[in-house]
Amino acid sequence: MKSQTNVRGQIKMENRANALQTVTHSLIESTKQFFALEEPAQTMPANQLRAFTAQAFDRHYRVALFFEGEATPLAGHLTRQLGDDRFLFQAYRSNLYRVVSFDQLRYIQRV
């Protein structure tokens, strides 16, 4: 009897893990669809990236930042300039902050 209970308990835990993974994937997909964030085909030129970043910071635009070597972009606001080539970025509806430098960025998109 004990071994049957453990097997059933493991099955329940596996089902919960699968359900959580399914919900996580659907949440990521719905966020991408909501912001219409598509992977850019190429990297922005450095001068254009600097100009758009400065404009987004000055006008408090919500933007999506695409980083080198990362598959998913981050959407949010550039909250503070930390020097000539660095900004503090706050993710949208999150407590996630990230220091962003121009050499990490591949593309910026207003959302």
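Here R93 clears all of (1) open to solvent by less than 60 Å² (accessible area, probe 1.4 Å); (2) under 14 Å from V111 (Cβ atoms) except the condition numbered (1). Selection within the stretch 53-90: residues that are open to solvent by 80 Å² or more (accessible area, probe 1.4 Å) and acidic (D, E). The member of this set that is nearest to T43 (Cα to Cα) is E68.
Residue under question is E39, and the condition is that it be modelled with pLDDT under 85, over 25 Å from Q104 (Cβ atoms) and open to solvent by 90 Å² or more (accessible area, probe 1.4 Å); does it hold?
Values: modelled with pLDDT under 85: yes; over 25 Å from Q104 (Cβ atoms): no; open to solvent by 90 Å² or more (accessible area, probe 1.4 Å): yes.
Judged against the criteria, E39 is not a match.
The values are calculated or read from the model by the stated rules, or taken from the named source; none is laboratory data. Since we're looking at a predicted model, the values are computed, not measured. A quick note on method: Cβ atoms are made from the backbone with ideal geometry, for glycine too, and the neighbour counts reach across all protein chains shown. For the accessible areas, the whole protein counts, side chains as well, though only heavy atoms, and no ligand, DNA or RNA atoms are used. Shrake-Rupley method; radii C 1.70, N 1.55, O 1.52, S 1.80 Å.
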